[in-house]
1. For n ≥ 4 DSSP H runs only, could you compute -39500 (n - 2.57) per run for chain A, divide by its residues and tell me the 222 nm figure to the nearest 500?
2. Need the list of lysines near B:LYS539 for cross-linking: C-alpha distance under 16 angstrom, and skip anything on the same chain fewer than eight residues off.
3. So what is the calculated 222 nm ellipticity per residue for chain B, using -39500 (n - 2.57) for each DSSP H run with n of 4 or more, over all residues, to the nearest 500 deg cm²/dmol?
4. In Å and whole numbers, how far do the C-alpha atoms of the stretch B:582-635 stretch along each principal axis, longest first?
5. At a temperature of 25 °C and a viscosity of 0.890 mPa s, determine how fast the stretch B:1-110 diffuses translationally according to Stokes-Einstein, using the Kirkwood radius over alpha-carbon pairs as Rh; express D in µm²/s, rounded to the nearest whole number.
6. Tell me, what are the semi-axes, in whole angstrom and largest first, of the equivalent ellipsoid of the stretch B:471-560 as set by the roots of 5 times the Cα gyration tensor eigenvalues?
7. To test your reading of the geometry: what angle, between 0 and 90 degrees and rounded to tens, separates the Cα axis of helix B:121-145 from the longest principal axis of chain B?
8. On each of the three principal axes of the Cα atoms of the stretch B:457-510, give max minus min coordinate, whole Å, ordered largest first.
Amino acid sequence: MREHWRACITHFDEMVDDFISDYFRDESRRCVLLAGAGFDPRSRRIAEKLHATLGARLRAILVREERADPAEQLRAAADDNEARLSALIAETSVESVRIFSSEDGAPVGGQRIVEALEAYQWPDDITDIVLDFSALSTGIGFPMARYVLNMCEAREGLNFHIMISSNPELDASIVGEPYDSPSFVRGFSGDFTATDDAPLALIWLPQLASGRLTTLQRIRSAQGDAIYKVCPILPFPARNPRRADDLITEFSPLLSDEGVDARDFLYVSERNPLDSYRKLSTLKKRYDETVGGSFTPQLLLSPIGSKVMAVGAMMAAIEHGLPVQHVENLRYDFDPTRGAGTSAPPDLTVHLWLHGPIYSGYAPPQPNDSPPTP
Amino acid sequence: MSNPFLRRATEYIRSDSAFLAIVTPEPLTTFVANHPQKSALLDLPVRVIGSPGSGKTMMASLVEYRLVEAVLRDQSSANNRELAAALTRSGFIDDDRPAVAAVRLPMEAEYRDYWELPYDEAIKTKLVLSLIQARAILGLVRNLTANRLRTGDEVTFVFRDGASASLASIGGRDTDAILRRALDVERAVYSVGASLLPPKLDDVPEAARAPYHPFETIERIQISWKGETIDLKPLVILDDVHALHPDQFDRLFRYLARREVRVARWMMMRMDALSPRAVFRSRDEEPLPGLKQERDYIDIFMQTDSDRDADRKRFRRMASAMADRYLPFVRPLRERNFTEFATLLSEAVPALSDARREELRSEIDKDQRGLGVAQERRQQIETLVANYAKGAKSYDVEADVQLAMVRVLMHRYVNRIGRPSLFGAEANPDPKKPLKADSDVAEAARLYLHDKFGRAFHYGLATLCDASNENAEVFLQLAGALVERMETRAIRNQDPALTPAQQQSALEEKGTQIVEQWSFPYARNVRTLIDVIAEECRKMSLTDHARLGAGANAVGIPEADMETLLASGTSLAETLKYAIAYGALVAVRDYGQGSKSWCLLELPGVVCMRSGLTLRRGGFLEWKLDRLAEIVGHS
């Protein structure tokens, strides 16, 4: 149990800037930033904030997620972001990660990024690792987070931060073309072993996000009759207070097919990842208490939308061994007619301090995987 | 539940009895019971190949032991008796007793992940094989005990002669011990594949590394059935093996093709797992070098390429039966006692309004004047058409269609005499080739009326079935769109039966939606190609003299050129492969016409409905390969 996660240190918006300038001012701080260097305009924001304070004390691993047949303007935007980030941060390593196997087109990105992190020569003097989720996909960001968390928990004195530059309106403009079948995110397969005496009772918690109906239908289809109940996750409170209503309308085919009613929705904050973490943890606990002994209770997460909500779900998945299923995207398009297009409101910035000596007063966590040694 | 036509049954049917109420045994009868090598289907490994929605998973689910037992236990329903008959013909039931213990294992993405482990290929294959075998054992016993007619202790495994050495590796003779061992192996292997960082080889759990070959050890399963002991042949069905890496599948398949393997094994897969040549059913294709089809393994393609007309007829029967099974799940229709889907699709001949008919007459008169056709000639043509209409099989040759037929034949007449007469209507030469009014001209006439006057063209159950290209899922989606409208009408206390115009509108909209939602590799390129083919077919189909009769809905590439392309490994070959595998095009090889051999690329029914093209086969545009490459290359 990571007891500190229920109330771990978080900052929002301007407070993130204050935290960075205050905390990283200390000359002993050496930081490695892990970030996506793709077409997403949010790729550079966290890096720029960190560099402003850290300067040469900042190193980076930039991840280029390579997918087949990218739209030309998106490739150009990604090249530009990579170039600017490399110019900004002196010691930069760029990892080009093929999301799909060149041999048979199967999704392999999760394995590849973990191999890359394992092969990276982690400097001995680092004190902080910042994982910038802003421009990373779930299939890449989640395994990275798990790998880094394991590493930090095995090594004394290392701090692990997650930062996100989130913009749900911009998210809706980025349209992915989903692969044809779902898969478990690397390192998040959960445990589906039930017994005949205690059959599996699976609740699926899909995070509803605009433009992702096909993705969720594919995940649903793959589960067949294994799903006992569907409890969609909706963003509330949210910057647009009607966002949840709009999503319910957009997803009505799926919701009516599954017999979802108003009591089945889980509302989580669009801004604070701890809200989704706490609610999922509470749900897991209550479900285990209610059906344990008669059934094998399990929650299946599909955090495919807002990064902030997804990070909270990821924390719950790590803490409780929950499986996370998603559908990788073959390619992306930026569709300015959807969402807010190019006139999106400002980003929401979030900082989450997941691990570090600051929490040494709490009991040490039980690691879920054999920790790698950098 | 909302419209059940629009969902895959396997998704929402939670109870076996509900599943049995809607499942159709037709694929089992067609592809298994009537298979020329039926007797070997439980001895040799079998690849069952079909496009998405062809019914592979439904067939695999139907033959699972627990469902076969449920069918036999309740023969009071006509539906179950029909299912039992199909299962008997397919060899799953013998003399009212189950003969096969089948279990279906979905080959999900997690199996593919094992191929990414940093181990030797032999080790990676061994891990996957152990996982499959462990899950097969657990699944078999789960199936045999699912209906609570026996417990696990009452299931006995019978081993092949000479298997005593390998018995220890599978847990011994005792069923409980065999199950415990299977569970240990499953957990051990799963932990290796699911971990974030794969363990070093020496750290792989012992249960995953040790030899484990139940498939080579177990020959039969014995259970008690109505007081007597019966033997069951175990059958493991690996569903969606196309998800495996090709090399992984090759190794797996070669293991399963070994003679030492005693359990029956079927592998369900999509066509896109095959090479372009295999998808296009090239005759001399050798997908598994060293293994010979029919000797070492058997292929079942869930789409025959021999008698397409017989396929269509068979599918019409199956689809109609399937729709009737689904209809009771639509409450507003059930409450009003509608039990037959066909009766809700009116086939009353669509008629133009008086005003539109006048407009049609004026058009034809104008054409006659413009072409310089003599009145006498026109009357001859009208007589020709009237005589045809009297003897036509179709009911849809009433006044409107006959008028439009006259128009087509007048244009053909002028074509055949060389040019419009310079002497006006007085000259009335006979055409080089006599004019003929036939069903092709009638179809061309209907197409013209649809294009010009919006007269319904696609309606009726037979059209709906034909537009589905023998794919159950497409049929259900199209039927579902119609059922939605029927439901709405029923709720409003209107007659739920849809007129041809209403059917046309719903089918056009649904066809468009289906095409827009295509999501498979190269789908964008395929959509572009389809759009160009459809547009050019449309132009040709609407020529005044209807050169291709009923019209075109395909392009033909010289057969020899196609064969070269399929072996080339280019992205065009891959694009076409996925188009065929996902039903976005239909390939017809060695189509003979005009003393040449063609490979036809036919547009699927949903595109024909969207674009107002005929569903009749045979009309095609002659294209060269360069044209295909140009369109796909620019998309």
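Bear in mind that the values in this text are calculations on the coordinates, not laboratory data. For clarity, every value in this text was computed on a predicted model and none was experimentally measured. Counting neighbours? That spans all protein chains shown, and the Cβs are built from the backbone with ideal geometry, glycine included.
1. When only DSSP H runs of four or more count, the value is -10500 deg cm²/dmol.
2. B:LYS452
3. On the way: 27 runs with 310 residues, N = 635.
The per-residue figure over chain B is -15000 deg cm²/dmol.
4. 32, 30, 20
5. Answer from the Stokes-Einstein relation: 166 µm²/s.
6. Working: eigenvalues 198, 77, 22 Å².
So the equivalent ellipsoid measures 31, 20, 10 Å along its semi-axes.
7. Taking Cα atoms only, the helix is inclined about 90 degrees.
8. 34, 22, 17
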